[in-house]
Structure formats: C-alpha cells, structure tokens
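Read through the structure below, which is laid out as structure tokens, and then see the notes.
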Amino acid sequence: MKFSIEKKLEGTLARAGTIETKNGVIQTPAFVTVGTKATVKALTAEQIRSLGAQVVLANTYHLYLQPGADIVEKAGGFGKFMDWHGPTMTDSGGFQAFSLGAAFGTAVSKVASADAPVEDVSPTAGQLASVTDEGVTFKSHIDGSIHLFTPESSMEAQWSLGADMIFAFDECTSPTAPYEYQKKSLARTYKWAKRCLARHNELDIKNGQALFGVVQGGRHQDLREEAARTIGSLPFDGFGIGGSFTKDDIASAVGWVNKLLPEDKPRHLLGIGEPRDLFDAVEVGCDLFDCIAPTRMGRHGTLYTKDGRLNIRNAQFMTDFNPIEKDCTCYTCSHHSRAYLTHLFRADEMTAATLASVHNLHFILRLVERMRETILDGSFMSFKQVFCNRYYKQ
RNA sequence: GCGUCGGUGGUAGAGUGGUCAAUUACAUCAGACUGUAAAUCUGACGCCUUCGGGCUACGCAGGUUCAAAUCCUGCCCGGCGCA
C-alpha cells in the first residue's frame with residue numbers, strides 16, 4: 001500500500017490524496033462501503049461497482065463465525081469470494097467487543113449525545129462479549145458457541161480474509177464508560193497494538209497487507225492525545241480512529257488526534273458517516289470513513305436528500321410520483337418514483353431495500369467525492385457551508 | 001319455519017360478572033438508527049383533557065345486579081343442520 005497526498009487545504013487539516021493497493025487506487029477522502037459479511041446488504045457486487053464505490057470493508061468477527069475464515073481463504077479472500085475486485089479492508093472484530101459487550105441490550109450507540117450520563121461498565125447479564133487483557137471472549141450470536149479473540153488471532157483471521165488493509169484488534173469503549181475505564185482500556189489497546197504488529201509481521205513477511213493501528217480514548221482530550229502519540233509512534237501503515245464520541249464534538253476529538261498522527265499515513269475514521277460528521281472529519285484531516293448508515297437507513301426507509309432525510313414510508317409520499325431527488329443521477333432516481341418506493345416498503349418487497357440502498361450509497365459516495373473535488377479546487381469550506389445550511393435547515 | 005352456534009375497536013381474533021377502553025397480531029400514524037446481533041427497534045393508535053381524570057363504547061332495545069362485553073328477555077343480522 002502506498003499513500004500520497006496530492007493537495008492540502010490551507011487553514012485546515014484536510015487533504016486529498018491517493019492510496020494505491022494491489023487491487024486498485026483509492027482517491028481520498030473516500031467513503032468505504034460496508035459489506036460486513038462479504039456482501040453489501042441488498043446489493044450485488046455489480047451494483048456496488050456501478051455506484052462507484054472504491055473500497056469495501058468486511059468484518060472479521062462475522063466472517064470468522066460464518067462461514068469461517070478458512071473457507072474465505074480458500075475462496076481467495078473475501079473480495080474474490082463476493083466478486084469485488086477493488087480495494088478491500090477488514091475490521092478487526094474490536095467493535096464487537098463493544099456492540100456485543102457493553103452496548104449489548106442497551107440503547108447506547110457509538111455516538112452519544114453531549115449529556116449522556118457516565119455509567120458503570122460492569123458486565124451485565126446476557127452480554128455476548130467480555131474483555132480481559134488477553135483478548136475478548138465472545139459468545140456467538142449465531143449458535144451460542146464461545147470464542148476467544150486475541151490480537152494474534154484477529155491478525156490470523158484477517159490474514160485469511162485477505163483484505164488489502166486491515167485493522168489492529170482494539171477495544172471500542174462505550175461513550176458512557178467513565179474516564180478511569182477509558183484510560184485502562186487505552187493501555188490495553190496499546191499493548192494489543194504491539195501484539196498485532198508482532199503477529200502481523202510474522203504472517204505477512206512481504207507486507208502485502210497494510211495494518212492500521214487504532215486510536216481510542218473516548219471523549220477525553222488527554223487520552224486521545226496520548227493514544228495518538230503512542231499508537232502513532234508504532235510502525236503502522238495507517239491509523240484508524242475508533243471509539244466513542246459526543247455528537248457535538250467529533251470534529252474536535254478527531255482534530256486532537258490528527259494533529260499528532262504522522263501526516264504521511266492515511267487516517268480512517270471508523271464507523272462515522274452522517275453528512276455533517278463526514279464534512280467535519282475531512283476538515284480535520286481524515287482520509288477514509290466507513291459507515292453502515294447509508295445501507296441500514298436505506299433498508300429502514302430513511303433516504304438522504306440535499307434537503308435532509310426523509311422517511312419514504314410516510315403517507316405523504318404515497319401519491320408523490322417524483323423521484324426521491326429530481327437531480328439525482330442514481331439508478332433509483334432515474335427509474336422510480338417516491339410513490340413506487342413507498343409502495344415497495346409498505347408491501348415489504350425486498351427491492352425496496354435495494355433501491356433505497358442504491359440511492360443512499362450514491363448520495364454519500366458522491367458527497368465525499370465532492371469533498372475531494374472541493375479540496376482540490378479550494379472551495380471545500382464554502383461547499384460544506386452551503387451543503388449543511390440546506391441539509392440541516394429546519 | 002324449527003333447531004343450533006355466533007355477532008367485540010380499521011381487520012382477524014382473545015376475553016365470558018368486578019383487576020376491561022378491552023390480551024395479541026395485522027393494518028394505520030409517527031420516530032430512532034453512525035467500525036451491521038439490525039429487511040430491525042420504539043412510541044401512538046374510541047372521544048375529550050388543566051394529564052389528576054372525565055365521557056361514550058363489545059349488533060339493537062329492555063332487564064337482573066352494588067357492578068354487565070360477560071347473566072336474562074325480545075328484536076335484528078349471519079353460519080350450519082333439518083324441513
């Protein structure tokens with residue numbers, strides 16, 4: 001993997017560049033399409049290609065459980081398995097330490113509101129994951145079987161899955177976890193980072209896979225900066241910025257980190273993808289983002305438009321024969337009306353999920369492409385302002 | 001015509017004297033979703049409300065009872081059986 005910066009935007013940390021992988025070039029900033037189980041839900045590989053997606057990210061935990069990393073390896077890696085021939089990434093399974101652990105059965109999500117209370121993090125009954133210094137013990141959500149993920153085993157699984165870029169195994173902490181826990185977890189994630197590097201270097205002698213270290217630290221400036229310095233000093237090929245944020249200050253928290261991370265390596269903001277968050281992240285120097293939002297929102301009937309989100313199931317759209325967006329060039333908008341989409345959703349037709357995912361992914365992919373274009377021509381900040389004023393107007 | 005079973009909120013269908021404005025599902029109306037336990041989840045869903053409660057409701061009309069969707073009588077309507 002080779003990263004190069006084409007242009008930096010004056011007065012900000014934003015940059016436009018390219019990442020060259022053996023499966024193709026990514027023009028950054030770039031939105032990474034999420035295909036957790038070696039499929040972008042509701043879409044074929046052909047559809048992913050025609051949307052102009054540049055890179056697809058799959059999940060180690062999910063593919064390890066089903067069908068098994070060995071099978072994916074035999075298939076030639078998850079990209080080949082799913083007929084995606086462009087650049088690929090895998091997440092380490094670290095996020096599942098959070099989503100199946102501390103967040104299990106709760107309303108806590110990755111991004112918290114500013115006034116979210118700090119809560120105790122002691123394990124609750126029914127959780128499917130628990131964390132120790134050795135690794136994370138998972139109880140499979142599929143069949144209840146017990147599995148230990150360690151930094152080493154995550155590297156091994158990701159080696160089998162065969163992505164171009166992979167992530168170190170980390171602990172994604174809850175936004176409601178107290179400072180002391182965040183600090184303790186950070187120390188652990190740092191130790192794990194070194195174990196990941198060691199195992200990765202044994203497995204991948206020719207350095208065919210790029211390994212990204214993950215910066216955690218919750219919402220705390222001192223912890224974020226410490227993580228950026230310590231993880232940033234290790235010989236990773238790039239960096240992921242993970243963990244929890246407060247809705248209102250993703251930009252500042254990510255900014256603390258990116259000011260300290262090595263400038264010449266790509267930075268991937270993990271799991272972030274709402275329009276404003278993408279603008280903020282690009283402005284403070286992120287190059288890659290993955291997010292499930294376009295596809296999950298789409299499946300649930302929420303569609304992106306330049307005037308904000310709309311819920312296509314709402315009664316008002318039943319007789320609206322206009323496209324979702326008049327000037328949208330996606331397949332869905334050029335062939336179908338809002339009324340048709342509403343009908344498909346209400347009738348529980350599978351095609352609804354496909355058409356909505358196509359539109360939402362097109363919207364977000366194109367949005368990040370335009371961010372890149374406006375970094376190159378210098379108009380990024382005004383583009384951000386114009387877009388957000390319209391998208392978030394009441 | 002006789003006999004018999006049954007008529008419950010938009011629909012299906014529970015409930016068979018008080019804890020019933022009435023289980024549940026679907027439909028409807030909204031909302032949530034940010035490294036995917038997610039084609040998922042949440043709320044509302046008779047009318048009014050100062051959110052304490054008030055009012056009208058379980059085919060229709062009477063009746064019994066402190067109390068009726070629930071028991072009794074008559075009527076109307078429907079299924080089935082026999083003529």
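The values are calculated or read from the model by the stated rules, or taken from the named source; none is laboratory data. Owing to the predicted nature of the structure, the values given are computational and were not obtained by experimental measurement. In this analysis, Cβ positions are derived from the backbone assuming ideal geometry, glycine residues included, and neighbour counts consider all displayed protein chains.
If you check A:SER334, A:SER379 for being hydroxyl-bearing (Ser, Thr, Tyr), more than 21 Å from the chain's Cα centre (by Cα) and closer than 21 Å to A:ARG49 by Cα, only one passes: A:SER334. Selection within region A:244-274: residues that are basic (Lys, Arg) and within 15 Å of RNA strand B (Cβ to nearest atom). The member of this set that is modelled with the lowest pLDDT is A:LYS247. Quick one: how many residues across region A:327-339 are in a helix (DSSP H, G or I), out of contact with any His (no Cβ under 7 Å at 6 or more places or on another chain) and away from RNA strand B (no atom under 15 Å from the Cβ)? Of the residues in region A:327-339, 3 are in a helix (DSSP H, G or I), out of contact with any His (no Cβ under 7 Å at 6 or more places or on another chain) and away from RNA strand B (no atom under 15 Å from the Cβ). Pairing residues of region A:185-202 that are surrounded by 24 or more Cβ atoms within 10 Å (Cβ to Cβ) with residues that are at pLDDT below 95 and among the hydroxyl-bearing types (Ser, Thr, Tyr), at Cβ distances under 9 Å and at least 6 apart in sequence or on separate chains, gives A:SER185/A:THR173; A:LEU186/A:THR173; A:THR189/A:THR173. The one condition from (1) at pLDDT 95 or above; (2) within 15 Å of RNA strand B (Cβ to nearest atom); (3) closer than 30 Å to A:THR132 by Cβ that A:ALA103 does not meet is (1). Restricting attention to region A:109-132, does a residue exist that is within 13 Å of RNA strand B (Cβ to nearest atom) and closer than 30 Å to A:ASP204 by Cα? Among the residues of region A:109-132, at least one is within 13 Å of RNA strand B (Cβ to nearest atom) and closer than 30 Å to A:ASP204 by Cα, which makes the answer yes.
Within region A:178-216, the set of residues being hydrophobic (A, V, I, L, M, F, W, C), within 16 Å of RNA strand B (Cβ to nearest atom) and assigned to a helix (DSSP H, G or I) comprises A:LEU186, A:ALA187, A:TRP192, A:ALA193, A:CYS196, A:LEU197. Within region A:34-82, the set of residues being without any contact (Cβ under 8 Å) to a residue 60 or more places away in the chain and among the hydroxyl-bearing types (Ser, Thr, Tyr) comprises A:THR39, A:THR44.
All of (1) more than 21 Å from the chain's Cα centre (by Cα); (2) surrounded by 23 or more Cβ atoms within 10 Å (Cβ to Cβ); (3) away from RNA strand B (no atom under 12 Å from the Cβ) hold for A:LEU234 with one exception: (2). Within region A:66-82, the set of residues being surrounded by 20 or more Cβ atoms within 10 Å (Cβ to Cβ), within 13 Å of RNA strand B (Cβ to nearest atom) and within 15 Å of A:HIS147 (Cβ to Cβ) is empty. A search for C-beta distances below 7 Å between a residue of region A:343-359 that is outside any helix (DSSP H, G or I) and any residue that is at pLDDT 95 or above and among the small types (Gly, Ala, Ser), counting only pairs 6+ apart in sequence or on different chains, returns nothing. The residues of region A:27-53 that are over 20 Å from A:SER92 (Cβ atoms), within 11 Å of RNA strand B (Cβ to nearest atom) and crowded, with 22+ Cβ neighbours inside 10 Å amount to a single one, A:LEU43. Does A:ALA281 count as more than 26 Å from A:GLU10 (Cβ to Cβ), among the aliphatic types (A, V, I, L, M) and within 14 Å of the chain's Cα centre (by Cα)? Criteria not met by A:ALA281.
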